[in-house]
Amino acid sequence: MQNATFKNTAGKDYGRAIMSWSAPEFREVERGDAWALRGAIVAIMLVIFGIFTGNLPFAFIVLLISGLYYINYKQKPRRIEIALTTSGIKIGDVFCAYQNIQTFWILYHPEIHVKRLHINLKAGFLRNIECELEDQNPVEVRMLLSAHIPESENKTEELTDKISRLLRL
């Protein structure tokens, strides 16, 4: 996909691709049947606690969240195309022009299999976007992006991301 020019259906030019790759839309985490059983037991205990204490809205919310999580748990990530272009970053069907991006940072911790690009947009509903770097060299991605947008220094993995990774959520 190198050197391709991206255009949307309205014919808007996204610029020439400098670097492109395909990545899963989210990280798939290995979980076994024992993990699912433990999660179900915790959910059932929370529902019983909610009923026993008379907090039916809590019990309902636990059931609702458990059901939604189970549905999401069964889904496999789609592969999306990511391209760094001369005008911005294209992630799947979303295009972020460089002038609309506030900062970026790259988390790279090979010992825990984390290699992720984070983009912080200046405005909009979706302000923070993450995408996996897969086999891309993080130094090359950093060099290409730092020519267009500022990099946030000393960013680390968010606490919620650490907890999700440790609990395999």
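Could you pull out the chymotrypsin sites (Phe, Trp or Tyr not before Pro) across the range 74-148 that fall in loop regions by DSSP (anything but H, G, I, E, B) with no more than 11 other Cβ atoms inside 10 Å?
Phe125
Grab the DSSP H runs of the chain that are 4 residues or longer, score each as -39,500 (n - 2.57), total them, divide by all residues and round the 222 nm result to the nearest 500 deg cm²/dmol.
-10500 deg cm²/dmol
Tell me which GluC sites (Glu not before Pro) from the range 36-141 have a DSSP coil assignment and no more than 15 other beta carbons within 10 Å of their own.
Passing sites in the range 36-141 are Glu134.
Count the net charge of all other residues whose Cβ sits under 12 Å from the Cβ of Gln75, scoring Lys and Arg as +1 and Asp and Glu as -1.
Combined, the nearby Lys, Arg, Asp and Glu give +1.
How much accessible surface does Arg142 have with a 1.4 Å probe, in Å² rounded to 10?
Estimated to the nearest 10 Å², Arg142 gives 80 Å².
Just to be sure I understand: with springs between alpha-carbon atoms less than 10 Å apart, which residue in Ile82, Ile65, Ile91 has the highest mean-square fluctuation in the Gaussian network model of the chain?
Ile65
If you average the alpha carbon positions of the range 64-84 and of the range 35-50, how far apart do those two centres end up, in angstrom?
Taking the Cα centre of the range 35-50 as reference, the centre of the range 64-84 is 22 Å away.
Over the chain, with the other protein chains present, what is the accessible area per residue in square angstrom, probe 1.4 angstrom?
66
The values are calculated or read from the model by the stated rules, or taken from the named source; none is laboratory data. Just so it is clear, the structure is predicted and the values come from calculations on it, not from any experiment. Quick reminder, even Gly has a Cβ in these numbers, built from the backbone with ideal geometry, and neighbours come from all protein chains shown. Note: accessible area is taken over every heavy atom of the protein model, side chains too, but ligands, DNA and RNA are not part of it. Shrake-Rupley method; radii C 1.70, N 1.55, O 1.52, S 1.80 Å.
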